[in-house]
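Worksheet for the structure shown next.
The values are calculated or read from the model by the stated rules, or taken from the named source; none is laboratory data. From a predicted model like this one, the values you see are computed outputs, not experimental measurements. Because the Cβ atoms are built from the backbone with ideal geometry, glycine has one as well, and the counts that use them run over all protein chains shown. Side chains are part of the model used for accessible areas, which takes the heavy atoms of the whole protein and leaves out ligands, DNA and RNA. Shrake-Rupley method; radii C 1.70, N 1.55, O 1.52, S 1.80 Å.
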Amino acid sequence: MKILVGYKRVVDFNVRIQVKPDGSGVVTDGVKLSANPFDDIALEEALRLREKGITTEVVVATIGPADCQAHLRNGLAMGANRAIHVVTSDAIQPLTAARTLLKLIEKEQPQIVILGKQAIDDDCNQTGQMLAALWNRPQATFASRVEVTGNAARVTREVDAGLETIEVDLPAVITTDLRLNEPRFIKLPDIMKAKSKPLETIEFASLGIASGDHLKATSYAPPPKRSRGVMVKDAAELVAALKTKGLL
Amino acid sequence: MTKILIIAEHLNGKLNSSTARCVTCAREIKPDAIDVLVLSDAPDAVAAEAAKINGVSKVLTVTNAANSHALAAVYAPQIAAVARNGYTHVLAPSTTFGKDVAPCVAALLGVAQVSDIMKASDAHTFQRPIYAGNAIVTVQAPADQVLVGTVRTASYPAAGNGTNAAPIEVTNVGVELPTHTRFVELAQAKSDRPDLQSARRVVSGGRGVGSKENFAIIFQLADKLGAAVGASRAAVDAGYVPSDLQVGQTGKIIAPELYMAIGISGAIQHLTGIKDAGTIVAINKDGEAPIFEIADIGLVGDLFKLIPELEQAL
Ligand SMILES: Cc1cc2nc3c(=O)[nH]c(=O)nc-3n(C[C@H](O)[C@H](O)[C@H](O)COP(=O)(O)OP(=O)(O)OC[C@H]3O[C@@H](n4cnc5c(N)ncnc54)[C@H](O)[C@@H]3O)c2cc1C
Ligand SMILES: Nc1ncnc2c1ncn2[C@@H]1O[C@H](COP(=O)(O)O)[C@@H](O)[C@H]1O
């Protein structure tokens with residue numbers, strides 16, 4: 001069995017993003033880039049399934065600019081067997097990402113595809129669901145527990161009402177939530193080993209995908225600012241302040 | 001003609017208030033019609049509730065045993081089929097329900113999705129948050145395509161109800177439904193407390209609370225205030241409370257009148273979940289904690305000393 005993992009590079013979660021003064025975008029020059037945290041969780045889950053003997057091969061895939069290679073090497077150092085780099089200089093939207101991943105599925109025939117539930121740059125939370133719909137296969141989104149038995153997976157999902165468990169036939173798409181696992185750290189020798197692992201590059205244009213980038217971003221703005229309020233010195237003052245605001 | 005289809009969210013025969021919030025968003029677009037679609041094995045009670053929401057033109061029901069649980073793979077082809085009957089917009093709440101199913105509908109229709117709509121400037125121009133709410137982007141969608149969107153529920157109050165009595169129509173969708181996805185169970189923590197997503201008051205605890213046992217102090221204060229309980233990711237990860245209490249970028253986005261953050265440092269991923277709260281109160285022993293930069297009322301000190309004092313003073 002083979003697992004395909006979506007592995008997107010994003011602005012690191014610790015970076016406090018700034019909107020450009022002219023509203024044309026956000027400042028990304030020189031900021032730290034990392035793997036999307038949910039994709040590290042996706043890769044970790046795939047590696048654990050391999051360690052359990054459920055799968056034999058883990059392939060990480062990214063759709064991104066030419067300088068994404070180092071990012072993919074990180075995924076290889078973490079433990080993926082192979083990497084696929086679909087090269088495009090444009091920032092693609094989820095529908096295009098899903099169509100591209102579908103092409104890779106046709107080529108690779110994985111039994112499980114694991115993506116993050118959302119990329120923390122666009123915060124779209126769409127790609128996995130779109131992929132499942134296009135592929136006409138099951139989806140188990142927001143997973144916090146995955147059990148694979150035979151030709152099916154039992155997945156516990158973090159939903160607003162609590163924890164939902166569903167069973168899906170394979171092949172299927174799974175998207176990860178934060179508590180699925182804690183990704184391992186990369187060790188130095190693994191970085192060396194990763195250098196010789198296969199990394200395939202495919203030109204996005206060669207895949208002949210109809211672009212789904214239908215949305216046009218026209219302007220960017222910082223969020224309305226909440227400012228610092230008052231400090232009170234004890235519980236009695238807090239109650240008084242809440243009463244003044246009519247909240248008690 | 002602008003015709004909006006809203007996907008009703010419901011559980012155990014009750015309509016979720018997120019649906020009425022979608023109606024408010026839909027009204028902002030000033031459409032010719034707002035229809036609500038109820039997919040269920042027994043839709044009548046939910047449809048009756050939806051028909052009362054002011055602004056709703058019509059309620060459509062699809063009854064099918066396969067719709068007894070909201071499985072995206074089962075719901076999506078039915079929604080797409082109804083959407084093809086002349087709708088210009090399909091809206092769902094940006095809750096785990098809507099996030100799960102809406103992108104499938106968009107993909108089946110071959111269109112993009114606008115996630116987390118916080119404002120509609122016109123029928124095809126929307127504002128949405130990106131980078132954990134650190135930037136707001138305005139996006140323009142093509143006017144010649146169906147617009148699929150999820151509505152950031154904290155940005156819209158629930159539409160009122162009572163004066164409306166929209167007609168309820170049974171619809172049949174002739175689509176084949178997959179059997180590859182099966183519901184097993186839903187583990188729901190039983191609670192008599194207000195629902196976190198719609199509560200007027202919320203008391204949240206963070207890592208500073210220290211343990212599952214200590215969290216009793218948060219629950220007690222919440223009960224005294226008639227508040228819902230929330231938590232930071234750190235508190236959930238540490239097992240103090242269940243995951244459905246997490247507030248933030250990857251948890252629930254809420255807009256209560258009063259939000260109390262206790263033993264929470266104020267990471268951006270947490271703050272993005274409470275930006276629309278009326279009044280934010282922070283209690284933290286570290287006067288430098290970032291939560292104080294946005295709190296309306298701040299109190300520095302040990303929560304284990306301050307909370308009992310606060311309960312006394314209430
Ligand atoms: C992709 C991603 C998504 C995330 N999504 C979310 C999310 O949705 N929601 C979320 O909350 N976080 C989220 N996080 C995590 C976030 O970055 C922070 O790690 C988390 O919010 C910290 O939780 P905390 O404030 O409870 O813990 P800490 O940051 O450890 O803060 C604990 C606070 O308690 C105070 N304290 C300790 N003891 C006491 C005491 N006795 N009395 C008073 N105060 C005390 C301390 O001074 C400190 O300020 C996410 C992170 C990532 C990477
Ligand atoms: N360009 C990309 N390259 C690789 N994976 C991607 C890409 N875009 C999206 N994904 C996957 O889809 C998930 C959800 O992304 P999104 O729908 O943009 O929030 C991510 O966590 C990735 O696993």
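Key figures
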{"quantity": "Residue match in the range B:50-68 (condition: at pLDDT 95 or above, assigned to a strand (DSSP E or B) and open to solvent by 20 Å² or more (accessible area, probe 1.4 Å))", "calculated": "yes"}
{"quantity": "Whichever residue in the range B:86-104 is in contact with a helix residue (DSSP H, G or I) (Cβ under 7 Å, 6 or more places away or on another chain) and more than 8 Å from chain A (Cβ to nearest Cβ) and, among such residues, is farthest from A:Arg157 (Cα to Cα)", "calculated": "B:Val90"}
{"quantity": "Top-ranked residue in the range A:14-33 [being over 19 Å from A:Cys68 (Cα atoms) and assigned to a strand (DSSP E or B); ranked as nearest to the chain's Cα centre (by Cα)]", "calculated": "A:Val26"}
{"quantity": "Strands (runs of 3 or more DSSP E) (entirely within the range A:83-189) containing at least 1 residues that are among the polar types (S, T, N, Q), away from ligand 1 (no atom under 16 Å from the Cβ) and within 19 Å of the chain's Cα centre (by Cα)", "calculated": "A:139-149, A:152-159"}
{"quantity": "Top-ranked residue in the range B:219-247 [being among the charged types (D, E, K, R) and buried (at least 16 other Cβ atoms within 10 Å of the Cβ); ranked as nearest to ligand 1 (Cβ to nearest atom)]", "calculated": "B:Arg233"}
{"quantity": "Some residue of the range B:181-195 being in a loop (DSSP other than H, G, I, E, B) and closer than 30 Å to B:Pro31 by Cβ", "calculated": "yes"}
{"quantity": "Exclusive hit being open to solvent by less than 20 Å² (accessible area, probe 1.4 Å) and either more than 17 Å from the chain's Cα centre (by Cα) or within 11 Å of another protein chain (Cβ to nearest Cβ) (or both), set B:Ala166, B:Ala154, B:Ala143, B:Ala216", "calculated": "B:Ala166"}
{"quantity": "Some residue of the range A:75-93 being at the interface with another protein chain (Cβ under 8 Å from one of its Cβ atoms) and buried (at least 20 other Cβ atoms within 10 Å of the Cβ)", "calculated": "yes"}
{"quantity": "Pair list, Cβ < 7 Å and 6+ apart or interchain, from the range A:48-63 residues that are open to solvent by less than 10 Å² (accessible area, probe 1.4 Å) to residues that are assigned to a strand (DSSP E or B) and within 16 Å of ligand 1 (Cβ to nearest atom)", "calculated": "A:Ala61/A:Gly6; A:Thr62/A:Arg9"}
{"quantity": "Residues (acidic (Asp, Glu) and in contact (Cβ under 8 Å) with a residue 60 or more places away in the chain) located in the range B:254-280", "calculated": "B:Asp276"}
{"quantity": "B:Ala189, sole failed condition from (1) hydrophobic (A, V, I, L, M, F, W, C); (2) in contact with a Gly (Cβ under 7 Å, 6 or more places away or on another chain); (3) open to solvent by less than 60 Å² (accessible area, probe 1.4 Å)", "calculated": "(3)"}
{"quantity": "Search result, residues across the range B:169-182 that are at the interface with chain A (Cβ under 7 Å from one of its Cβ atoms) and either of a type in the set (S, T, N, Q) or open to solvent by less than 60 Å² (accessible area, probe 1.4 Å) (or both)", "calculated": "B:His180, B:Thr181"}
{"quantity": "Scan of the range A:1-32 for residues that are of a type in the set (A, V, I, L, M, F, W, C) and either buried (at least 17 other Cβ atoms within 10 Å of the Cβ) or touching a residue at least 24 places away in the same chain (Cβ under 8 Å) (or both), ordered by number", "calculated": "A:Met1, A:Ile3, A:Leu4, A:Val5, A:Val10, A:Val11, A:Phe13, A:Val15, A:Ile17, A:Val19, A:Val26"}
{"quantity": "Matching option when the condition is near ligand 2 (Cβ under 10 Å from one of its atoms) and within 14 Å of another protein chain (Cβ to nearest Cβ), among A:Asp177, A:Asp160, A:Asp122", "calculated": "A:Asp122"}
{"quantity": "Qualifying residue in the range B:253-269 (condition: surrounded by 15 or more Cβ atoms within 10 Å (Cβ to Cβ) and within 16 Å of ligand 2 (Cβ to nearest atom))", "calculated": "yes"}
